[in-house]
Amino acid sequence: MSDCRKRQVEKSGSEIILRCINKAASAYKGVVEDSICDVCPVKVMMLGAKSLPIIDPEALPPCEYRVNDKTCMVTGLGITKEICNGCVAETKTHTASLPDKLINYASSVRRWVASGRPVRSDERVAEIFRDHCSGCKMYDEEKRACKSCGCAVNNSSVPLANKLKMATESCPLNQFEAESV
């Protein structure tokens with residue numbers, strides 16, 4: 001039996017039903033068996049993707065969310081033929097919920113303060129915003145925020161109002177990295 005934490009056990013008399021509670025999975029709310037769970041990105045992530053096979057990127061369907069043909073920006077997992085491009089469209093455009101936004105912001109501020117409040121130069125902030133954020137599908141122009149993590153991203157030079165100004169922060173979709181502090 002699978003040990004997935006995203007599998008709910010339901011008992012009805014003597015019958016046991018296993019249901020997927022991973023909102024990002026195509027089997028969400030459905031009855032699942034080990035064969036379905038064994039290829040789920042959440043299960044793979046739990047077990048660790050330490051021994052992923054080397055895959056020829058030409059053998060995979062095109063996907064704009066692959067980074068360096070090794071990592072999926074949606075799941076953060078290494079790419080395998082079993083899971084690549086198996087995600088549902090909603091997963092690729094998932095927006096952070098209010099609790100996620102609060103947790104992400106608090107984590108960002110905590111990391112930044114713990115590192116001594118290092119900041120990027122205004123020029124570097126403008127470059128990251130121009131080259132990565134402003135043209136990204138996950139950028140919300142109206143809210144001036146990233147839909148993926150919920151953090152404010154803009155040209156502001158105030159760190160608490162702009163994740164890009166905090167040198168400790170990186171893009172949740174791997175578009176830019178944290179600066180070495």
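The values are calculated or read from the model by the stated rules, or taken from the named source; none is laboratory data. As the structure is a prediction and not an experimental result, all values here were calculated from the model. Cβ: placed from backbone, ideal geometry, glycine included. Neighbour counts: every protein chain shown.
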* To do: Please tell me if residue 107 is free of Cβ contacts under 8 Å to residues at least 60 places away in the same chain and polar (S, T, N, Q).
  => yes
* Residues (assigned to a strand (DSSP E or B) and surrounded by 10 or more Cβ atoms within 10 Å (Cβ to Cβ)) located in segment 8-30 -> 8, 10, 16, 17, 18, 19, 20, 28
* Structure fact -> Listed by first then second residue, the pairs whose first member lies in segment 23-45 and is more than 19 Å from residue 10 (Cβ to Cβ), whose partner is modelled with pLDDT under 75 and part of a helix (DSSP H, G or I), with beta carbons under 6 Å and at least 6 positions apart or on separate chains, are 24/91
* Out of all the residues in segment 130-152, is one or more of a type in the set (A, V, I, L, M) and modelled with pLDDT under 90? -> yes
* segment 104-125, subset part of a helix (DSSP H, G or I) and under 15 Å from residue 152 (Cβ atoms), residue nearest to the chain's Cα centre (by Cα) -> 104
* Among residues belonging to segment 161-181 that are of a type in the set (A, V, I, L, M) and without any contact (Cβ under 8 Å) to a residue 60 or more places away in the chain, point out the one that is surrounded by the fewest Cβ atoms within 10 Å (Cβ to Cβ). => 161
